[in-house]
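Just below is one structure, and these are the notes that go with it.
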Amino acid sequence: MKKRIVFIAGLFILFTSLQVSAQVDKSKRASLPAKVTETIKSGATLSVDYSQPLLKGRTIGKELAPYNGKVWRTGANEATIFETNKAVKVNGNDLAAGKYSLYTIPGEKEWTVIFNKSWNQSGTKYVEAEDALRIMVKPMMAKESVEKMTFTIEKSGDVKLHWGNVVVPFKVK
């Protein structure tokens with residue numbers, strides 16, 4: 001009987017320690033979690049939930065988000081999640097209500113912004129067949145460089161990814 005109790009207690013301790021080690025405190029990561037939410041003029045509530053990688057002296061288009069024609073996970077850690085509670089138009093293109101992982105293909109003169117249906121996953125498991133929408137946008141030069149990748153959403157529906165001296169804008173209505 002004592003062996004059974006010790007065995008059960010051992011299993012409980014093992015299970016508890018595995019549970020605790022599996023729960024990662026996101027605030028302790030190098031790329032801090034961030035979330036921005038706004039209700040735009042159309043009444044849709046938009047949010048972007050992401051991790052903020054740092055420049056650390058590196059350059060956008062070279063060491064970070066390289067301009068090599070390849071899909072970039074647009075953030076760090078888990079996939080960046082774009083969510084809308086209503087169907088919207090993104091740069092004039094239909095996007096159904098829901099959650100999407102946000103990817104980009106960075107370019108010097110043009111970025112492709114990708115809304116992918118597979119949102120609940122690591123940012124490194126991109127599958128093109130799951131794309132809900134792709135839009136092309138022209139990046140802008142920022143007035144000031146930003147160390148942490150940052151998303152903003154304005155009431156007007158202007159959404160911007162700002163990192164380093166690059167701003168990648170798109171319009172949601």
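Under the rule a/c < 1.5 gives rounded, and otherwise a/b versus b/c splits prolate from oblate, where does the stretch 26-171 land using the Cα gyration tensor?
rounded
Here the spin labels are modelled as points 7 Å beyond Cα on the Cα-Cβ line, and at Tyr67 and Gln121 they lie 3.0 nm apart. Here the ratio of the Cα radius of gyration of the stretch 64-121 to 2.2 N^0.38 Å is 1.18.
The tail of the calculated P(r) for the stretch 105-148, taken as Cα-Cα distances beyond 12 Å, holds 69 percent of the pairs. The slack in the chain from Glu108 to Thr45, taken as 0.36 nm per residue of separation less the alpha-carbon distance, amounts to 19.6 nm.
Scalar couplings 3J(HN,Hα) for the stretch 144-156, obtained by applying the Karplus form with A = 6.51, B = -1.76, C = 1.60 to θ = phi - 60°, are 10, 6, 10, 5, 9, 4, 9, 9, 10, 10, 9, 3, 5 Hz; x denotes Gly and Pro.
The phi torsions of the stretch 60-68, fed into the Karplus equation with coefficients 6.51, -1.76 and 1.60 and a -60° offset, translate into couplings of 5, x, 10, 6, 10, 6, x, 7, 10 Hz, rounded to whole numbers, with Gly and Pro shown as x.
Taking loop as defined by DSSP and a crowding limit of 10 other beta carbons within 10 Å, which chymotrypsin sites (Phe, Trp or Tyr not before Pro) in the stretch 112-173 fit? For chymotrypsin sites (Phe, Trp or Tyr not before Pro) across the stretch 112-173 that sit outside H, G, I, E and B with at most 10 neighbouring Cβ atoms in 10 Å, the list is empty.
Bear in mind these aren't lab numbers, they're just calculated from the coordinates by the rules spelled out. Note that this is a predicted model, so its numbers are computed, not measured. Ideal geometry is used to build each Cβ from the backbone, glycine not excepted, and the neighbour counts take in all protein chains shown.
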